[in-house]
Amino acid sequence: MASAALTIASKNYGSWSLRGWLLCKLAGLDFEEQSVASDDPSTRAELLLLSPSFLVPCLTHNGIKIWDTLAIAEYLDETFPKAGLLPKEKVARAHCRSICGEMHSGFTNLRSALPMNLKARHPGFKIWAGAQADIDRVISIWRESLAASKGPYLFGTTPGMADAMFAPVVTRFITYDVKLDSDCAAYCKAIMALPAMKEWQEGAMAEPDEVVELDVEF
């Protein structure tokens, strides 16, 4: 029996849940998955207010409860250092923490205009200027990190904390047909090819629940 449990929201819509879940998978943690119904207040807060500050996802491990995504990441890095969630080199670790913090607290326009929805596809989606600025910043972060690490992931050959934090953005770029250069497109392909991402996608496609507010027609 797993000594850990992770409470998550919808796999189709839950961007913060995906981050926490993927971090646990990348760390190699054996955990029990617990889902909260979409009509639960904390779940709807995550999905509709797009905030990382609610109690989903929440990791319980050996009696310790951690409910903030960055806190989950740091806890897993401390507990499973060999997983390589954070780079070993000091400068790279600082850079990783910086871009993860930026993802955690920023990109409000991107979150609002391009909500995560793995089941949907919107070819030729028209992106308004505010969201485009956020997209441009994400692309800049990816280019800089990939140039330094040589890829295929943001900090080298092993997926880690930064990749988990940006994974929902990868799904958004696919859903809303965001145009990318070859390096960023290859990065998206590498993320979606991760076994854990394939597993999450399968769960999302099997989900019966729909959040009407996030299934609007564009």
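The values are calculated or read from the model by the stated rules, or taken from the named source; none is laboratory data. Everything numeric in this text was worked out from a predicted model, so none of it was measured. Please note: Cβ atoms are built from the backbone with ideal geometry, for glycine as well, and neighbour counts cover all protein chains shown.
Key figures for this structure:
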{"quantity": "Residues of the stretch 147-161 classified as farther than 16 Å from residue 100 by Cβ and either in contact with an Asp or Glu (Cβ under 7 Å, 6 or more places away or on another chain) or not assigned by TED's automatic domain parsing to the domain that holds residue 184 (or both), total", "calculated": "0"}
{"quantity": "Selection status of residue 138, surrounded by fewer than 20 Cβ atoms within 10 Å (Cβ to Cβ) and part of a helix (DSSP H, G or I)", "calculated": "no"}
{"quantity": "Selection count, the stretch 184-193, where residues are within 22 Å of residue 29 (Cβ to Cβ) and either in contact (Cβ under 8 Å) with a residue 40 or more places away in the chain or surrounded by fewer than 14 Cβ atoms within 10 Å (Cβ to Cβ) (or both)", "calculated": "1"}
{"quantity": "Odd one out for residue 116, checked against (1) surrounded by 14 or more Cβ atoms within 10 Å (Cβ to Cβ); (2) assigned to a helix (DSSP H, G or I)", "calculated": "(2)"}
{"quantity": "Test result for residue 93, surrounded by 15 or more Cβ atoms within 10 Å (Cβ to Cβ), within 17 Å of residue 156 (Cα to Cα) and among the charged types (D, E, K, R)", "calculated": "yes"}
{"quantity": "Selected residue (only one of 55, 86, 76 is in a loop (DSSP other than H, G, I, E, B), modelled with pLDDT of 95 or more and not acidic (Asp, Glu))", "calculated": "86"}
